[in-house]
Structures are given as C-alpha cells and as structure tokens.
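The values are calculated or read from the model by the stated rules, or taken from the named source; none is laboratory data. Keep in mind the model is a prediction, meaning the values are calculated, not measured. Quick reminder, even Gly has a Cβ in these numbers, built from the backbone with ideal geometry, and neighbours come from all protein chains shown.
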Amino acid sequence: MTVPPPTPPRPPAIRADLWNRAALARAARSRVVVAVAVGALLVLVLVGLWVWRLAFAELPPIPDKAALWSLNRPPGATFLDYQGQLIGQRGPRHGPPVPLKAMPKYLPQAFLAAEDRRFYHHGGVDLSSVLRALKADLGAHRVVQGGSTITQQVARNIFLTPEQSLRRKLQEAALALRIEGMMSKDEILELYLNRIYFGGGAYGVEAAAQTYFGKPAGKLSLAEAALLAALPKAPTRLDPANDLAAAIGRSRHVLSAMQKEGWISPADVAYALAHPPVLAEEASTEGDFGYVLDLAAKEAKTLLAHPPPDLVVRLAVDPRLQTEAARAVRAGVAQFSARGASEAALVALAPDGGVRALVGGLDHRDSPFDRATQAKRQPGSAFKPFVYAAALEAGLAPDDVRPDAPVRIGDYAPTNSDGLYIGNVTLAEALARSINTVAVRVTSEIGVERVAELARRFGLKDIPAHPDLPIALGAYETTLLDLTSAYQVVQNGGGRVQPYLIESIANARGDILYRRNPRPAEAVYDERRAATLTQMLRGVIEAPYGTGRRAALDRPAAGKTGTSQNYRDAWFVGFTPDWVCGVWMGDDRGRPMKGVAGGEGPAQVWRQFMLAAHEGLPPRAFDRAVAKADPRDAFYAGLAEEFERDARTGRP
C-alpha cells in the first residue's frame with residue numbers, strides 16, 4: 001500500500017504578502033501625508049515670502065524719534081513775533097509744537113475718544129478693533145471702518161501713502177509696532193497731535209486752533225477741542241469753513257464717547273452743546289506782515305546751510321507797532337497823493353537793532369517790491385548828519401560859524417533849495433535849517449574822503465570808494481534800512497549794532513537750529529561827539545527854524561529831513577532814547593512830487609508812528625553828562641533860551 005506523501009505546510013509567504021501590502025499602504029499614505037505637509041509648508045513659505053515681499057521688503061527705515069517731527073512733512077514756514085505769538089505762515093501751516101502738558105486735559109482725550117479709545121492698552125495694533133472693522137466692512141461690502149490705531153495713523157502719515165490696500169495696511173501695522181518699541185505712549189500721542197492734518201492747510205493742533213478759532217491750542221474750549229478731534233477722519237469733507245454743521249454734528253459723537261469713557265461729565269457735555277464753537281474771521285492773507293515775511297523767509301535760507309522742509313522762525317517784530325506803522329504809511333500817502341506821493345516805507349528799530357516794524361509799501365498784494373530794503377535812492381539832506389559827524393571828529397564845534405552864501409568849488413556850485421542865503425550861521429543852525437551851502441563848505445574843508453569813510457563806518461555800505469563833493473547833499477543811493485541803522489549809531493552814543501529781523505529758527509520738533517548771538521555795540525564813533533550831534537539834531541525838530549518841526553513829539557527827539565532833487569524822494573529819519581525810525585515817501589517811477597519835502601509827509605508819518613510807539617513810555621531825556629565835559633558845549637546851556645528868543649522875535 002502506497003502511503004500518500006504528506007501534505008506540505010502552507011507557505012508563510014501568503015501572510016507576509018498581506019503584511020507587505022498593509023505596509024505598502026501605510027507607506028503610501030505616509031508619503032501622501034508628507035507630500036501634503038511639504039506642499040502646505042511650501043505654500044505657507046510662498047505665502048510668507050509673498051507677504052514679506054508685499055509688506056516688508058520695501059518698508060521704509062525709521063530714524064531716531066526726534067527726526068519723526070519733521071520727516072516727510074509738507075514744507076512750510078511758521079513765523080512768530082518777538083514774544084512767540086503766531087503772526088504768519090508760508091505754505092502749509094505748521095503750528096509750533098505743543099507738549100501734552102500745555103494742552104487742556106480734555107484736548108488729547110477728545111482725540112482718543114474719536115480715534116483710539118484703547119490707545120494706552122494695546123501695543124500699536126489693536127486686534128479687537130481690526131476684527132470689529134473687518135466685520136463692519138464685510139457686512140457693508142465696502143470699507144466703512146479702518147481699525148487703525150493712533151500709532152498706525154502716525155506711521156501712515158509720516159511714511160506711507162493714503163492708499164486703501166492690504167500691502168499698505170500690513171506696512172502700517174509693522175511700522176506701528178516699531179514706533180511703539182522706540183517711543184512712549186505720551187510721546188506718540190504728542191507727535192500725532194502735532195502732525196495730523198486738520199484741513200484748511202493746517203497741520204497740528206496749534207495751527208488748527210489758530211486757523212479755525214484764532215487762539216492757541218492751550219486755550220481751546222471743550223466744544224472746540226471736540227470739533228478739532230472730529231476733523232482728522234475726513235478733513236476735507238468736514239472742514240468747518242465749508243460745512244460747520246457737519247463738523248459740529250460729528251463733534252457731538254466725540255463728546256458722547258468722552259462721557260462714555262468717564263473723561264467728562266454729563267454737565268460738561270451739556271455746557272459744550274449749549275456753547276458751540278464759533279469760527280474766527282478769516283484773516284486777509286498776511287495782512288500788514290507781507291514785506292516782513294518776505295524778508296524773513298529770504299534771510300532764513302541764508303542763515304541755514306541745509307534748512308529742513310519746515311521752519312519755525314521767531315522774529316523781532318512787534319505786531320502792534322507793525323500795525324501802527326502800516327496805518328501811518330497809508331494815512332500819509334493818502335494825504336499827499338494829490339501832490340504825487342504814491343508810495344511810502346517805514347522802518348523802526350529797537351536800541352539793540354531789532355526790526356520792530358518794517359513796511360515796504362502800501363499793499364504787499366498789489367506790489368511785493370520792498371521799498372525799505374530793496375529800493376536804493378538818494379537820501380538828499382538826510383545824509384547831512386554824517387557830514388557834521390565827520391566835522392565834529394575833525395575838530396569843528398556846533399557853534400563854529402560858516403557863511404551861508406553862494407559857493408563854487410571847481411565846477412560844482414550848489415544852491416539852497418529856496419534860493420535864499422542868510423549870511424553867517426553856526427554849524428548847529430545850518431544843520432537845523434538844512435542849508436546846502438554850509439554842508440558843502442564843511443565837506444570841502446574836512447575832505448570828501450573823511451565824510452565817506454565815516455558814512456561807511458556808520459553802515460552805509462553803498463558809498464563808493466572815491467566819491468565826489470555832491471556826497472555832502474546825499475547824492476549817493478542807499479536803502480531806508482541802512483540809513484535808519486546809521487542814525488542808530490548816534491542814538492547809541494557812537495555804538496554800531498547790526499539790524500536784525502530773525503531772533504531764532506527751530507524745526508518742527510522745537511530744536512533750535514539758529515539763535516541770534518547778541519553782541520555789544522561796536523564803538524565806531526566818540527560818545528561825546530555823538531551826544532553833541534544828538535543835540536544838533538534836536539534843533540531840526542525843536543528850533544523854530546528847524547525843517548522837521550512837524551515831527552515834534554511830547555518828549556525829546558532828534559532827526560533830520562531829506563529831499564532829493566526835484567522832490568523825487570522825501571525822507572525823515574529820527575530817534576528818541578527809546579526808538580529810531582526812518583520814513584521814505586515818493587513814487588516808484590521816480591516822478592517828481594509837487595513840493596513834498598521831508599519835513600512834510602515823511603515827518604508827519606514819522607510823528608504818527610512814534611506817538612504810537614511811545615504810548616505808555618515815560619519821556620526820557622538824552623544823556624547830557626557827556627556833553628557837559630566839553631567846555632565848548634556851553635553852546636547847549638543856552639540852546640533852549642535861544643530857541644525861545646527866536647520864537648519871540650519872529651526870527652525865521
């Protein structure tokens with residue numbers, strides 16, 4: 001019997017195959033997972049690279065925080081008077097920086113209520129505000145809320161464009177985080193309030209307060225603060241000058257938000273609503289300051305080698321005196337216009353040379369040409385004080401006598417303006433009467449070069465190197481500012497000071513870029529002789545025969561008239577111990593006036609201004625101590641008596 005072979009055992013390959021299949025399936029799934037993960041990671045990397053390229057590849061660098069005050073700021077210049085008050089602006093109006101501590105508490109709170117109530121509780125980007133804005137935008141199917149914090153607005157205003165795009169929003173957020181890392185919250189809020197645009201060309205709360213309410217930011221009421229806080233959202237649409245009702249309407253929401261935050265009481269809100277803001281009257285361009293601002297803008301560029309785009313320039317000008325000067329000039333021209341006077345100019349200097357008032361013409365809008373600093377004209381007899389100053393320096397005295405008679409020196413034979421001669425006169429009387437023949441004789445006697453050198457020493461820089469004898473009668477041109485400054489040497493007892501208009505220049509942050517360095521007067525003339533010449537010039541105004549009697553004040557004053565040939569130019573320049581002032585009157589085309597001399601129109605303009613300038617100042621005498629030291633100045637002991645005697649006897 002054949003035994004069947006045993007059944008071979010089931011090969012283990014079947015179990016292994018099943019295992020392998022499962023392993024392969026698991027491996028395949030793993031590969032898929034890995035591929036998906038790698039793909040997702042790659043997508044994330046690509047998205048990240050795209051976002052980085054979109055937002056951060058060209059992110060502008062942030063300089064130090066001080067530079068943020070002027071970086072990318074629209075160029076403009078702000079001008080302040082000698083006390084630091086705003087008097088004018090050129091270009092966009094940038095107010096001087098106002099620190100938070102100088103603002104009423106409710107002013108920054110109004111902006112926080114309007115723009116970013118959680119400002120002090122986020123790090124530059126407020127996610128809750130972003131989500132709230134996103135929800136509102138999706139619901140409205142358009143952008144209705146921005147969600148930008150105050151820090152983001154600072155970043156956008158300084159570094160970015162106002163475009164509505166994802167790229168700009170990402171850049172804005174990134175820059176905001178950087179700003180928060182380098183500045184405190186108070187510093188950011190202060191920067192925001194001083195740089196935000198309010199419409200009407202005004203940047204910063206100070207410029208806005210002055211533009212809309214005519215007052216500094218530190219004096220704004222609650223209602224006014226709420227209205228300003230309403231503007232940055234839509235400065236053009238809500239410009240109060242165009243739609244005051246819309247601006248006030250939004251300001252009510254600001255007040256409500258402030259009350260909700262507990263920053264103001266219901267009574268505060270009620271009072272603000274009962275006393276709505278009233279806009280200031282719109283100023284007429286630059287008013288009486290046009291010529292001053294032109295000169296200041298020009299000088300500021302020369303004082304700074306690399307000026308920033310915006311400047312805050314503090315001037316020596318006194319607004320009250322500037323207004324009085326413009327008023328006097330207009331009144332004077334109106335009075336003498338029928339006799340050919342069509343323009344006039346005035347300059348007033350403080351004893352240290354500060355330009356307290358400068359009027360370059362009747363109306364800057366009609367003619368910006370500055371007749372006080374740009375026009376060069378012959379001063380006529382207004383130059384004679386320098387002739388007699390040189391004569392005193394050469395050893396002559398006020399009571400020395402010279403003949404008033406026809407004179408001929410070479411081919412030069414000048415006459416007096418009236419064609420008359422009175423015989424022998426003292427030098428003091430010759431100056432008071434403005435006698436031409438004596439001035440020419442004295443100049444010839446002491447030398448033309450001596451007179452010219454003294455005039456240049458006093459500041460008349462346009463005197464030529466080798467002038468001719470007609471210099472005695474003011475035949476060489478000068479500006480009103482230079483002539484007035486030269487008279488100040490006499491007022492200052494022989495000390496020359498450089499006239500100046502600019503006190504200081506700062507940038508938007510308040511950093512001083514230039515400050516005038518006060519210097520003592522340069523001694524260019526003997527003090528005793530200056531006192532003597534002052535007394536001689538008093539005779540021009542106080543003597544019965546003086547040519548400047550119409551300039552008489554209620555106090556001691558000294559000065560000199562001047563009239564160029566054929567009455568083309570008329571001048572009066574004079575001073576008291578407190579002020580020196582010069583006036584020119586004439587016609588831009590050089591046409592002769594009808595007999596308008598320096599002792600008429602200019603003297604009357606000078607007097608009107610000087611009366612206003614001395615308002616509230618007690619009369620002061622010129623220093624006589626120096627004059628008493630010279631025995632020959634006994635002339636002055638009887639000066640008043642002589643004037644009185646002449647008045648009694650009717651001497652012309």
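The residues of region 280-308 that are under 17 Å from Ile512 (Cβ atoms) and either in contact with a Leu (Cβ under 8 Å, 6 or more places away or on another chain) or in contact (Cβ under 8 Å) with a residue 24 or more places away in the chain (or both), listed by number, are Ala296, Glu299, Ala300, Leu303, Leu304, Pro307, Pro308.
In region 482-500, the qualifying residues are those that are of a type in the set (Gly, Ala, Ser) and not in a loop (DSSP other than H, G, I, E, B), and the one that is nearest to Ala521 (Cα to Cα) is Gly495. Looking only at residues in region 63-103 that are buried (at least 20 other Cβ atoms within 10 Å of the Cβ) and of a type in the set (Phe, Trp, Tyr), the one that is nearest to the chain's Cα centre (by Cα) is Phe79.
Of the residues that make up region 33-49, is at least one within 50 Å of the chain's Cα centre (by Cα), over 30 Å from Gly204 (Cβ atoms), part of a helix (DSSP H, G or I) and at pLDDT below 65?
Going residue by residue through region 33-49, those that are within 50 Å of the chain's Cα centre (by Cα) are 49.
Still in the running and over 30 Å from Gly204 (Cβ atoms): 49.
Still in the list and also part of a helix (DSSP H, G or I): 49.
Retained after the next criterion (residues that are at pLDDT below 65): 49.
Yes, some residue in region 33-49 is within 50 Å of the chain's Cα centre (by Cα), over 30 Å from Gly204 (Cβ atoms), part of a helix (DSSP H, G or I) and at pLDDT below 65.
Answer yes or no as to whether Gly562 is within 29 Å of Gly332 (Cβ to Cβ), assigned by TED's automatic domain parsing to the domain that holds Gly354 and touching a residue at least 24 places away in the same chain (Cβ under 8 Å). When the stated conditions are applied, Gly562 passes them.
Here is a yes/no grid of residues against (1) surrounded by fewer than 24 Cβ atoms within 10 Å (Cβ to Cβ); (2) among the hydrophobic types (A, V, I, L, M, F, W, C):
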{"site": "Leu513", "(1), (2)": "yes, yes"}
{"site": "Asp526", "(1), (2)": "yes, no"}
{"site": "Asn566", "(1), (2)": "yes, no"}
{"site": "Gly574", "(1), (2)": "no, no"}
{"site": "Asp587", "(1), (2)": "yes, no"}
{"site": "Gly590", "(1), (2)": "yes, no"}
{"site": "Gly601", "(1), (2)": "no, no"}
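Residues that are touching a strand residue (DSSP E or B) at 6+ places or on another chain (Cβ under 8 Å) and modelled with pLDDT of 90 or more within region 73-96 comprise Phe79, Leu80, Asp81, Tyr82, Gly84, Ile87, listed in sequence order. For region 310-350, the candidate set comprises residues that are part of a loop (DSSP other than H, G, I, E, B) and buried (at least 17 other Cβ atoms within 10 Å of the Cβ); within that set, the residue that is farthest from the chain's Cα centre (by Cα) is Gly340.
Given the criteria out of contact with any Asp or Glu (no Cβ under 6 Å at 6 or more places or on another chain) and assigned by TED's automatic domain parsing to the domain that holds Ala114, does Ala217 qualify?
Details: out of contact with any Asp or Glu (no Cβ under 6 Å at 6 or more places or on another chain): no; assigned by TED's automatic domain parsing to the domain that holds Ala114: yes.
No: the conditions fail for Ala217.
So for region 464-481 (the condition being in a helix (DSSP H, G or I) and under 35 Å from the mean Cα position of the chain (by Cα)), does at least one residue qualify? Looking for residues that are in a helix (DSSP H, G or I) and under 35 Å from the mean Cα position of the chain (by Cα), one finds at least one in region 464-481, hence yes.
Quick check on region 486-511: of everything there that is buried (at least 17 other Cβ atoms within 10 Å of the Cβ) and of a type in the set (Gly, Ala, Ser), which residue is nearest to Leu315 (Cα to Cα)? For region 486-511, the residue satisfying everything is Ala506. Could you count how many residues in region 565-603 are small (Gly, Ala, Ser) and out of contact with any strand residue (DSSP E or B) (no Cβ under 7 Å at 6 or more places or on another chain)? Total meeting the criteria: 2. Mind checking whether some residue in region 342-354 is in contact (Cβ under 8 Å) with a residue 40 or more places away in the chain, in the same structural domain as Glu522 (by TED's automatic domain parsing), more than 19 Å from Asp482 (Cα to Cα) and among the aliphatic types (A, V, I, L, M)? Checking region 342-354: not a single residue is in contact (Cβ under 8 Å) with a residue 40 or more places away in the chain, in the same structural domain as Glu522 (by TED's automatic domain parsing), more than 19 Å from Asp482 (Cα to Cα) and among the aliphatic types (A, V, I, L, M).
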